[in-house]
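**Student:** Can you keep this structure in mind? I'll have questions shortly.
Bear in mind these aren't lab numbers, they're just calculated from the coordinates by the rules spelled out. Since we're looking at a predicted model, the values are computed, not measured. Heads up, the Cβs are rebuilt from the backbone with ideal geometry, glycines too, and the neighbour counts pull from every protein chain shown.
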Amino acid sequence: MEDHLQNLYEVLSKVDGYVYPNEIELNWSILIVLYPYITGLVAGAFILASLERIFKVKILKPTYGIALLTAFSFMLVATMPLVSHLGKPQRAYEIMITPHSSSAMAIFGFVYLWYLMVVLFLELWFDYRRDMVIWANETTGFKRFMYKVLSLGTTDISPKAVALDDKIGYIITVIGVPSAFLLHGYVGFIFGSIKANPWWSTVLMPVIFLFSAMVSGIALVMLVYIVLTKIRKQLIDMDCLDTIAKYLFYILLIDFALEGLDQIHRIYVAEESFEALHKLVFGKLFYSLFIFQGLLGTIVPILTLGTLQFYKPRPVIRKTIYTILGGLVLMGIFFMRWNVVIGGQLFSKSFYGYTSFKTSLIGIEGYGMAIIWLIVPFLILSFLLWLLPPWKKIETSHD
Amino acid sequence: MPQHLKRLIGVFVIFILFFLVMRQVLRPKSFGELGHFRADAIYENTLRPMHYAVADSCTKCHKDIRSDKDLGFHAKLKCEVCHGPALKHATFANKFKNKQLPDSLVLYKPGERKDCAVCHQRNAARIKITFDTINTTMIHQVDIMKHHPVDPKTNAALKCIDCHNPHQP
C-alpha cells in the first residue's frame, strides 16, 4: 500500500467512529494529570495543618510540621509537569511578565506565587524562626550557614518576639485556608469553565477538585507520618493517627457524595452528550473510573474507615490498614484526575466517536517524566525534614 | 517594629523591586502597542520570504490550461494547490523561453495515485457525496484501492491520470 494511505490507516486505527481531525491526538497527556494531582496534595496537606493551627485540633500536633513541609515540597514541584509538558522551559518566566487578567491560565503564575511565598513560605518562616536561631548556634558548617541565611541573620528570640511570630503565623494560616481553597478551586475552575467539553463543564468541578485535594493531601500526610516514625524508630501516636483517619473518612464521604451528585445530575439531566459519555464511562474509562477510582480508591476506604470508627483492632493492625488505605486513596485520587483530564479528551465533541490514549515510558511526555516529578518532591521533603526536623522543635502550644 | 520583621519586609521589598525591574527588562519592547501581544511580531512576519504566486500569474502564460480547467470540477482549484508554491517560477520562468528551465524553477507535476488520494481517498470525516447532489463545492470520494486494485502479481496499478485529465477530470 502507498505510504500516504498506510499513514492514514494507522492514524484511523486509533479511532472508533467519527472524530474531528484535531481530536485524534490527545494534547493533554499524563503530565497534565499530574499537575492537578500535585497541587491537590499541596492544598490537602495545608488544610490538614490548618486543622491543628486554626481549628485547634490539638491531637494532630505531631503532623503539623510534617504537613506544612510536605505541602511546601510538593508546591515547589507543582509547576514542573506544566513546564515539561510545554517543552520550552526557557520561556516559562513569560507568564509572570505579561499576565492577562481575562485568561484563567495566564493568571496562574500569580495564584501560584501567592500561595508559595505569602502562605507556605511565610508560615514556615514564622513557625521555624526561633528554632533556626537556636539551631544556628548549636550546629556548624553547612547547616549553620543555612539556618543563618534562612533566619535572615536575626537573633531576637525574646518571648515577646516569639509571641509576635506565633500571632502572625496564625493570621497567615487564616489567610492560607481560603488561599488553599482558592488554589485548588482554581485548578478545578480551569476544567469546569471549558463549556465545549461536557465531561468537564460543571460548576461542581472546583468543589469536587477541592474535596478530592483534601482527601489526597490528608492521605499523603498520614502515609508520610507512618513512614517517618518507622524510619526514626519512634512509637507512633495512635490517637493522632486515628484522628487523621477519622478526618480522612469524613472528607472522603463528602467527596464521594459530591462526585455522586455530579454523576446523578448528569444522568438526570441527560443532555445531548449523555449517550457519548455513557459509552465512554462504561468503555474506555471502565477500569480507571469504576475499579481504581470508585471501588479501590473510594468505596473500600470508606467502608474500612467507617468500620474502624466503631471497631478498633490492635494498633499494629490499624496502622497496617491505614497504610494500605492511604495508598489506595492516593491511587484513587490519581485516577480521578486521570479520568477528568484524559477522559475529557477521549470522546469526540461530535459525540459520534472516540480516540485512544497511548504514551510511552521514555520521552518528554512519557511515564518516566511523570515518575520523576513524583519522586522529586519526596527528595525535597527528605532534605527539608533533615534541615528543619519538626520533632526537634521546641514545643509551642499555638494558642 | 522588631528587627526580624524589618528584615523580612526588606527581603520582600527587594524581591518585588527585582521583579518589577526584571519585568521592565524582559518585557518585549513593542508589547502592548496594538494589543496584548508583541506588535513587532506582525512586522517580523512581513519580512518572511514569500513562496506563493497567485492564480492570475499562472494564467498569463498558461491560458490553454486555464480554459481547460474552467470547464471542469477543478475550476475553482488554484494551480498551486497541486503544483506547489510557484512564486519563483512565475517571476523568472519567462526568461528561459525555449530553453531548459533550471531545476529550481521546475514545478512539481503530481501524477501518482497518492497525489490524487490527498483529496479523493474516501474518508469518513469528509462530507458524503451522492451523484444527485454533486456540485463543484464537494469533493468526490473514491476508495482508490477498490476503484483500481493493485495487481497482486506484478504490483502494477493504473494511475488516476491514465483515465482522468487532472485539469478537467
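**Student:** Would you work out the charge dipole size for region A:323-399 about its Cα centre, treating the Cβ of every Lys and Arg as +1 and the Cβ of every Asp and Glu as -1, and quote it to the nearest 20 debye?
**Tutor:** Roughly 200 debye, rounded to the nearest 20.
**Student:** Enter the mean projected area of the convex hull around the alpha-carbon atoms of region A:291-399, in nm², rounded to one decimal.
**Tutor:** Approximately 12.4 nm², given one-decimal rounding.
**Student:** Lys/Arg Cβ at +1, Asp/Glu Cβ at -1, dipole of the protein assembly as shown taken about the Cα centre: which of B:LEU47, A:LEU69, A:THR140 is farthest positive-ward?
**Tutor:** A:THR140
**Student:** Let me ask you something else. Taking region A:216-286, which GluC sites (Glu not before Pro) meet the DSSP loop condition and have no more than 14 other C-beta atoms within 10 Å?
**Tutor:** Sparse-neighbourhood loop GluC sites (Glu not before Pro): A:GLU271, A:GLU272.
**Student:** Oh, and also: Could you tell me the relative contact order of chain B? Use alpha-carbon pairs under 8 Å, at least six residues apart, and round to a whole percent.
**Tutor:** So the answer I get is 19 percent.
**Student:** Spelling out what I want: for every residue of region A:347-364, take phi, set θ = phi - 60°, compute 6.51 cos²θ - 1.76 cosθ + 1.60 (Karplus), and round to whole Hz; glycine and proline get x.
**Tutor:** Those phi angles translate into 9, 7, 6, 7, 6, 10, x, 9, 10, 10, 10, 10, 9, 9, 6, 8, x, 5 Hz.
**Student:** Still on this model: Which angle from 0 to 90°, rounded to the nearest 10, does the C-alpha axis of helix B:3-26 make with the longest principal axis of chain B?
**Tutor:** Taking the Cα atoms of chain B, the angle to B:3-26 is about 30 degrees.
**Student:** Only helices at least 27 Å long along their axis, Cα-based, and averaging 0.0 or more on Kyte-Doolittle count here, so list those DSSP H runs from chain A.
**Tutor:** A:30-53, A:159-192, A:205-231, A:238-269, A:315-341, A:367-387
**Student:** Provide the three semi-axes, in whole Å and in decreasing order, of the ellipsoid equivalent to chain A as defined by the square roots of 5 times the Cα gyration tensor eigenvalues.
**Tutor:** 40, 25, 19
**Student:** Kirkwood hydrodynamic radius, computed over distinct alpha-carbon pairs, for region B:1-101: how many Å, to one decimal?
**Tutor:** Value: 19.6 Å, from the Cα pair sum.
**Student:** As a footprinting exposure proxy, order B:ILE16, B:ILE139 by other Cβ within 10 Å, with the fewest listed first.
**Tutor:** So the residues, fewest neighbours to most, are B:ILE16, B:ILE139.
**Student:** Let me ask another. For B:PHE31, list long-range residues whose amide hydrogen, built 1.01 Å from N in the peptide plane, is under 5 Å from its own amide hydrogen.
**Tutor:** Residues meeting the amide H criterion: B:ALA39.
**Student:** Taking the Cα centre of region A:26-390 as origin, work out the dipole magnitude from +1 charges on Lys and Arg Cβ and -1 charges on Asp and Glu Cβ, in debye rounded to 20.
**Tutor:** Here the size comes out at about 700 debye.
**Student:** Further, regarding this structure: When every alpha-carbon pair in region A:203-277 is counted, what percent end up more than 21 Å apart?
**Tutor:** More than 21 Å apart: 45 percent of the Cα pairs in region A:203-277.
**Student:** Toward the positive end of the charge dipole of chain B, about the Cα centre and with charges on Cβ (Lys, Arg +1; Asp, Glu -1), which of B:PHE19, B:GLY72, B:ALA117 goes farthest?
**Tutor:** B:PHE19
**Student:** Restricting things to alpha carbons, find the Rg to Rh ratio for region A:1-54 using the Kirkwood radius for Rh.
**Tutor:** 1.42
**Student:** What is the mean projected area of the alpha carbon convex hull for region A:282-336, to one decimal in square nanometres?
**Tutor:** Orientation-averaged projected area of the Cα hull: 3.6 nm².
**Student:** Can you give me the convex hull volume of the Cα atoms of region A:153-192, divided per residue and expressed in Å³?
**Tutor:** 56
**Student:** Assuming R0 = 22 Å, what is the FRET efficiency of B:VAL21 and A:ASP156, from their Cβ-Cβ distance, to the nearest 0.05?
**Tutor:** Efficiency computed from Cβ-Cβ geometry: 0.10.
**Student:** For region A:153-261, what is the convex hull (Cα atoms) projected area averaged across all directions, in square nanometres?
**Tutor:** About 10.7 nm², averaged over all directions.
**Student:** When you have a sec, figure out the Kirkwood radius of region B:51-108 from all distinct Cα pair distances and drop it here in Å to one decimal?
**Tutor:** Hydrodynamic radius (Kirkwood, Cα only) of region B:51-108 equals 12.0 Å.
**Student:** Scattering from the C-alpha atoms of region A:1-105 alone, worked out with Debye: what is log10 I(q)/I(0) at q = 0.10, 0.18, 0.20 1/Å?
**Tutor:** -0.54, -0.97, -1.04
**Student:** Once you place label points 7 Å from the Cα toward the Cβ at B:ASP151 and A:LEU8, how far apart are they in nm?
**Tutor:** Placing both labels 7 Å along Cα→Cβ, they lie 2.5 nm apart.
**Student:** Additional query: Quick one: order A:PHE72, A:PHE256, A:PHE310 by neighbouring beta-carbon count within 10 Å, fewest to most.
**Tutor:** In order of increasing Cβ crowding within 10 Å: A:PHE310, A:PHE256, A:PHE72.
**Student:** Same structure again: Let me know the longest stretch in chain B that avoids all trypsin sites (Lys or Arg not before Pro) found in a DSSP loop with at most 16 other C-beta atoms within 10 Å.
**Tutor:** B:30-59
**Student:** Looking at chain B as a GNM with Cα springs under 10 Å, which of B:LEU105, B:LEU20, B:LEU71 has the largest mean-square fluctuation?
**Tutor:** B:LEU20
**Student:** In the P(r) worked out for region A:79-168, what percent of Cα pairs fall beyond 20 Å?
**Tutor:** Value for region A:79-168 (Cα pairs over 20 Å): 54 percent.
**Student:** Something else: Modelling each spin label as a point 7 Å along the Cα-to-Cβ direction, I'd like the A:PHE290/A:ILE134 distance in nm, to one decimal.
**Tutor:** For A:PHE290 paired with A:ILE134, the spin-label model returns 5.7 nm.
**Student:** Let me know the whole percent of all Cα-Cα pairs from chain B that are separated by more than 25 Å.
**Tutor:** The share of Cα pairs beyond 25 Å in chain B comes to 61 percent.
**Student:** Placing +1 at every Lys and Arg Cβ and -1 at every Asp and Glu Cβ, with all other atoms neutral, what dipole size does region A:156-240 have around its Cα centre, in debye to the nearest 20?
**Tutor:** 220
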